[in-house]
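Worksheet: one structure, shown below.
Values quoted throughout were computed directly from the atomic coordinates according to the rules given, and no laboratory measurement underlies them. Just so you know, these numbers come straight off a predicted model, no measurement behind them. Glycine also receives a Cβ, built like all others from the backbone with ideal geometry; neighbour counts cover every protein chain displayed.
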């Protein structure tokens, strides 16, 4: 059982913001593989199904970004998943819009959602896909909670689709294959 976690903030006011790009990728996977993410359990919306022969849980924590680890740790306990069985998708202000970075493990890199997960799991040994949202020209909080500009929407669409492709590749071929295929080129 693999747990695929998309990070974001719950609520209408956060829909479509840069910080919610992880939710968007989970929504794409949900639609592609007909796995409804509607059940509310363990402080998250979740759905259970199969992607490319692999049993998965799609998870969208509703704890707000800075407490995402609480929902992820509860799901890990419920499904007896090790950290390596959890794949986290989140935004990254250090990557240009339209870039992906797939990693086997690593630090939080300043991302509060990842910090929370690392703290709650007591491990940074979980794979993650970081989706570039571009750097902040002003206040960081204002930037991550802002919506994409109309001229950025095509790149966001392409990049979230490609991030979903990277999840599928990681499930079918392993995280190393996903790193080799998706870290090199921009999404456009």
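Please order 17, 50 by the number of other Cβ within 10 Å, starting at the fewest.
Fewest to most other Cβ atoms nearby, the residues stand as 50, 17.
Per-residue ellipticity at 222 nm for the chain, helices alone: DSSP H runs ≥ 4 residues times -39500 (n - 2.57), over residue total, nearest 500 deg cm²/dmol?
Numbers: 6 runs with 68 residues, N = 188.
Value at 222 nm, helices only, nearest 500: -11000 deg cm²/dmol.
Expressed in nm to one decimal, what extension gain is obtained for the pair residue 176 and residue 94 from 0.36 nm per residue of sequence separation less their Cα-Cα distance?
Details: separation 82, 0.36 × 82 = 29.52 nm, distance 2.17 nm.
The residue 176-residue 94 span can extend by a further 27.4 nm.
If you average the C-alpha positions of segment 1-62 and of segment 130-184 separately, how far apart do those two centres end up, in angstrom?
15 Å
Starting with the fewest neighbours, write out 46, 179 ranked by other beta-carbon atoms found within 10 Å of each beta-carbon. The partial results should precede the final answer.
On the way: 46 25, 179 20.
The order, fewest Cβ neighbours first, is 179, 46.
Using the count of nearby Cβ atoms within 10 Å as a rough guide to exposure, how do 101, 12, 154 rank from fewest to most?
12, 154, 101
Between residue 80 and residue 105, what is the label-to-label distance in nm when each label sits 7 Å out along the Cα-to-Cβ direction?
A separation of 2.3 nm, rounded to one decimal place.
Sticking with the crude label model, points 7 Å out along Cα→Cβ, report the distance from residue 32 to residue 149 in nm, one decimal please.
Between residue 32 and residue 149, the simple spin-label model gives 2.9 nm.
Could you tell me the extents of the chain's C-alpha atoms along the three principal axes, largest first, rounded to whole Å?
42, 31, 30
Starting from the 7 Å offset along Cα-to-Cβ, what nm value, one decimal, do you get for the label separation of residue 55 and residue 137?
Rounded to a tenth, the inter-label distance reads 5.0 nm.
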